[in-house]
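As structure tokens, the structure follows; a few thoughts come after it.
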Amino acid sequence: MNIVKATNKIALITVVGLIYWVFIFVCSTVFGFKVFRENMTEIFLLSILGIFAVLSGAIILNIMFNLTAIAEGRRGEERSRKSGKFHPLVLFSGSLVVIFALLYAGDLATTKKKEAYLVSAADALVKEQHDTLLRISDYAFSRDYLENTSKDIKILSRVEEKFPSITVIVEDQIQGKEYFLGLGEHMYVDDKQEPQKVDYIRSTSAEERNYLASVFNEKNMRHRFSSHDGRYEVYYPVKTEKGTMVLYLSQYSRHGKFGS
């Protein structure tokens, strides 16, 4: 068995494997693809160490046997394979495209599965906490309402582990114009001053405002789901005998990001 050829093959395979693995990790990180389970960074770093260990061993063996061959005055075998230069490059480039497409498809499947999972949890939460939501939907901007709602939202956040962050969105007027107010469990109400609606205005994008307007105009009672870089968000309309509100439920999943 030609040790030099074997070590060359091992080195080539590990380099190609390293390129593929780095490509997968970069795509997952840059484009936010959620295909792998948690702790991807740790797995990636350990895999890189293993690949480099194999590569280093192959290179050291290759150098040792080449030095031995030189010392013995033997010439290395010349490999004169005249395979096309572009054929392997095209195959390699095509494989990267296929990997990217698989990652993208896997991310879509993961997102759809996460949406179904979270919406199902929201459905269950609304059914189980009907009385609490009934109190919250009886909206009237006042100190008592804000204090009681803060406690109720804290209960909702503790009950459902899938939604560590819950915000209740209601519609109200400020100087004759409609605004969306966001109410959470950490609302601070100053005992010395009357609460101001402007302090509770929720910052939203144009798309989110259009969606919320359609809900409070009773033209749309469908949920709105979005995901970005591991953050999953659900706008879940709730209509009770007391009024209409929207539950904003968010969850953040860490999938091997640096610094996580």
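The table that follows gives values for the structure above.
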| item | result |
| --- | --- |
| Selection within the stretch 143-155 - in contact (Cβ under 8 Å) with a residue 40 or more places away in the chain and not acidic (Asp, Glu) | ARG143, LEU146 |
| Search result, residues across the stretch 235-249 that are in contact with a Phe, Trp or Tyr (Cβ under 7 Å, 6 or more places away or on another chain) and either modelled with pLDDT under 90 or in a loop (DSSP other than H, G, I, E, B) (or both) | GLY243, LEU249 |
| Any chance VAL215 is part of a strand (DSSP E or B), in contact with a strand residue (DSSP E or B) (Cβ under 7 Å, 6 or more places away or on another chain) and not hydroxyl-bearing (Ser, Thr, Tyr) | no |
| Restricting the stretch 176-220 to residues that are within 23 Å of LYS114 (Cβ to Cβ) and over 26 Å from the mean Cα position of the chain (by Cα), the residue that is surrounded by the fewest Cβ atoms within 10 Å (Cβ to Cβ) | ASN220 |
| Residues of the stretch 131-176 that turn out to be aliphatic (A, V, I, L, M) and assigned to a strand (DSSP E or B), as a count | 5 |
| Single match in LEU183, LEU212 (criterion: more than 23 Å from ASP144 (Cβ to Cβ) and out of contact with any Pro (no Cβ under 7 Å at 6 or more places or on another chain)) | LEU212 |
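The values are calculated or read from the model by the stated rules, or taken from the named source; none is laboratory data. From a predicted model like this one, the values you see are computed outputs, not experimental measurements. Cβ atoms come from the backbone with ideal geometry, glycine included; neighbour counts cover every protein chain shown.
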